[in-house]
Amino acid sequence: MSKRVFIWVGHPNKKSLCSGLADAYQAGAESIGAEVIRMDLADMNLKPLEDDPSGADTGTLEPDIVQWRANLAWADHVLFIHPYWWAGMPAKAKAVLDRGLASGFAYKYRGRGASWDKLLAGRTADAFITSDTPPLIDRFIYGRPGRRVIKNQVLEFCGIKTRKVIQFGSVKLSSDEKKLGWIARAEQLGASLAA
């Protein structure tokens, strides 16, 4: 049985390094026979957030969020890619997570206690973050907040086991040759899903 892979590109511009990394990862995954579904934030139609960002109480999830959830539910493995802006993902990408990973779909608290059910368990994930901040500075000065959030407070909170979180940077300071190396690495990681 082939892997079912959902790739979500959380960059608001389709002509970004994030898109190139997604293309390469997808090519690698498809080379080993994986089925791939991809969504790009740039193509998603989202309405402004309301008082209930999850839409759970009002039943107002827009069609692109409903499809995003269906793709996530279908997948065995996911790849989330986003740029690193002000120590996190772009606001529009965060809005997708706020609405798409709401209680009842991604997790469910047990009563009034601090425990919860991880409703997306059984899946694995990779995450790519592009940044102008050099990864060593992000690690030793800032404590890697973006990596911690996507791994611990998004994926693993919902039960998705993280395989790799890779920060590609500094984008601004890197040569075209270096970026081509990142693209090749993304393709290798996509192909490694067979292991």
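The values are calculated or read from the model by the stated rules, or taken from the named source; none is laboratory data. It should be emphasised that the depicted structure is a prediction, and the values quoted were computed from it without experimental measurement. Backbone-built Cβ (ideal geometry, glycine too); neighbour counts: all protein chains shown.
Annotation note: Cβ proximity below 8 Å between a residue of the stretch 79-95 that is free of Cβ contacts under 8 Å to residues at least 12 places away in the same chain and a residue that is part of a strand (DSSP E or B) (sequence gap 6+ or interchain) occurs for LYS94/GLY88. Within the set GLN188, GLN167, the sole residue that is at negative phi, surrounded by fewer than 16 Cβ atoms within 10 Å (Cβ to Cβ), modelled with pLDDT of 95 or more and polar (S, T, N, Q) turns out to be GLN188.
A quick yes/no check of all residues on (1) surrounded by 14 or more Cβ atoms within 10 Å (Cβ to Cβ); (2) modelled with pLDDT of 95 or more; (3) in contact with a strand residue (DSSP E or B) (Cβ under 9 Å, 6 or more places away or on another chain):
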| residue | (1), (2), (3) |
| --- | --- |
| LEU49 | yes, no, no |
| ASP57 | no, no, no |
| THR60 | no, no, no |
| GLN67 | yes, yes, yes |
| HIS77 | yes, yes, yes |
| PHE80 | yes, yes, yes |
| TRP86 | no, no, no |
| PRO90 | yes, yes, yes |
| ALA95 | yes, no, no |
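Enumerate the pairs (first residue in the stretch 13-28 and within 28 Å of SER2 (Cα to Cα); second residue anywhere and buried (at least 18 other Cβ atoms within 10 Å of the Cβ) and among the polar types (S, T, N, Q)) with beta-carbon separation below 7 Å, excluding pairs fewer than 6 apart on the same chain, so at least 6 apart or on different chains. From the stretch 13-28, the pairs are LEU17/THR130; CYS18/THR130. Of the candidates ALA127, ALA121, ALA114, the single residue that is under 27 Å from ARG185 (Cβ atoms) and of a type in the set (A, V, I, L, M, F, W, C) is ALA127. Among the residues of the stretch 96-125, just one is in contact with a Pro (Cβ under 7 Å, 6 or more places away or on another chain) and of a type outside the set (Lys, Arg), namely ASP98.
Across the stretch 142-195, the number of residues qualifying as part of a helix (DSSP H, G or I), over 17 Å from the mean Cα position of the chain (by Cα) and of a type in the set (S, T, N, Q) comes to 2. Under the condition of being free of Cβ contacts under 8 Å to residues at least 60 places away in the same chain and either in a loop (DSSP other than H, G, I, E, B) or closer than 23 Å to ASN71 by Cα (or both), the residues counted in the stretch 117-141 number 14. One residue stands out among those in the stretch 147-164 that are modelled with pLDDT of 95 or more and charged (D, E, K, R): the one that is farthest from ASP76 (Cα to Cα), which is LYS151.
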